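Please treat every number below as a calculation from the coordinates, not as lab data. This is a predicted model, so every value here is computed, not measured. Using ideal geometry, Cβ is built from the backbone for each residue, glycine included, and neighbour counts are taken over all protein chains shown.
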């Protein structure tokens, strides 16, 4: 998933050639086949398949053997009917002595043309319709094969994109490539290319970030809020935010506050699906038992099985959740008000994020509105960050003393400061 003209099709073409020939470089850590393979390579139309995957693999028309597949490995090719210079099938000599076969396909002829065959691999060049992607993937089931897609995500959060960046189905992986990774461009060329794109499509065309509905919630360049991680000064207060989940991920964001300059730093994150309170607490307990936690209103709900309040379950597992749910100092907790403050802080350099927190930036880049409303999917770390920001007034400085939780209503009411714990 990459920007335009950065080398994604070239990369997949050479991987395809390796699977067809069995000739893998020593550094290759991906899938290997020690025997002949059967695969498909496909584009949107017959013309785009000829002009892209076929060109990369074979070379331009009239120059066979100048592409990724060495000329001495090509046994023969058969022409495609009805399209000039298009190839239907390539037969390739595999290192094992077997013969590998690659057939070219297109999406325009529909799902029915994708049925029947059993394959080792499928290469989709440009994003396919979801039914064709599923059908192509099915062709590899019996062999335990693979599929790979090379595309610029101009269609937004489609069903296919969602599988990889939101659902993150087992066995999937995303490699993103930006224009800064393309060493064949000079800085001047990069600047000119970036300037040539319209603002609403720029992230997709230069960074491989899906184009989003009515627009991003935070129209801020991620580079402008990313900072290299550093040791937190001892006098800075800290707090964490939690977004409860199970079917969707539970999430945590740890925050440090440079109070003198009023700058908030997101310094650590955790996000995981299907985690019980016990599992979640175990995963973040190393952040420190002294650390106060901000939490949302759904923590007031009671578990249907045990009848115990959700927030209390996390307290029972060692997290110092604040006595009260996340609110602003005036007692309100407006969703859009929190989003507005986050955006204003980002725009003024007062909300910064450690640059290695890739899961945070993944959500940040995909967080968008549709018809004016925020799409509340894949937003768990954004929510956890918002709760911590709202409750920063209860952030504390780490101390060598051990915080002793006060979880009973009687003791908690002894201090009407929202903390629910004491030194």
If you scale each eigenvalue of the Cα gyration tensor by 5 and take the root, what three semi-axes come out for the chain, rounded to whole angstrom and sorted largest first? 51, 23, 19
Mean separation of Cα contacts under 8 Å (6+ apart) over length of region 8-181, as relative contact order %: 22
Rh by Kirkwood over Cα pairs, then Stokes-Einstein D for region 225-422 at 1.002 mPa s and 20 °C, µm²/s: 125
Potential lengthening between residue 141 and residue 359 on full extension [0.36 nm per residue; Cα-Cα distance subtracted]: 75.5 nm
Can you give the extra length, in nm with one decimal, that the chain gains between residue 398 and residue 72 once fully stretched, where that is 0.36 nm per residue apart less the Cα-Cα distance? 110.7 nm
Can you say what percent of the DSSP beta bridges in the chain, counting only those with both residues inside, are antiparallel? Round to 5. 55
Run lengths n ≥ 4 of DSSP H only: what is the helix-derived mean residue ellipticity at 222 nm for the chain, with -39500 (n - 2.57) per run over all residues, to the nearest 500? -7000 deg cm²/dmol
Note on region 8-181, DSSP bridge orientation, antiparallel percent to nearest 5 equals 40
For the pair residue 169/residue 228, report the inter-label distance in nm, with labels modelled 7 Å from Cα in the Cβ direction. 4.1
If 56, 75 are placed from fewest to most neighbouring beta carbons inside 10 Å, the sequence is 75, 56
For labels at residue 300 and residue 258 in the simple 7 Å Cα→Cβ model, what's the distance in nm? 3.7
Scoring the chain by relative contact order with C-alpha pairs under 8 Å, at least six apart, yields a percentage of 15
Where both partners of a DSSP beta bridge lie in region 225-422, what percent of those bridges are antiparallel, to the nearest 5? 70
Given the options 182, 41, 192, which has the most mean-square fluctuation in a GNM of the chain, springs set between C-alpha atoms less than 10 angstrom apart? 192
How long is the gain from residue 181 to residue 328 if the chain were fully straight, where each residue apart is worth 0.36 nm and the alpha carbon distance is subtracted? 48.8 nm
Report the residue, chosen from 79, 204, 326, that carries the largest GNM mean-square fluctuation when the chain is represented by alpha-carbon nodes joined by springs under 10 Å. 79
So which residue, out of 111, 386, 50, gets the largest mean-square fluctuation from a GNM of the chain using Cα contacts under 10 Å as springs? 111
Let me make sure I get this right: for region 168-286, a, b and c are the square roots of the gyration tensor eigenvalues over alpha carbons, sorted descending. Under 1.5 in a/c it's rounded, otherwise prolate if a/b > b/c, else oblate. Which is it? oblate
Could you work out the equivalent-ellipsoid semi-axes for region 1-143, taking the square root of 5 times each eigenvalue of the Cα gyration tensor, largest first, in whole Å? 21, 18, 16
When only Cα pairs under 8 Å and 6 or more residues apart are kept, what is the percent relative contact order across region 33-90? 23
At 7 Å along Cα-to-Cβ for each site, give me the label-to-label distance between residue 117 and residue 98 in nm. 1.6
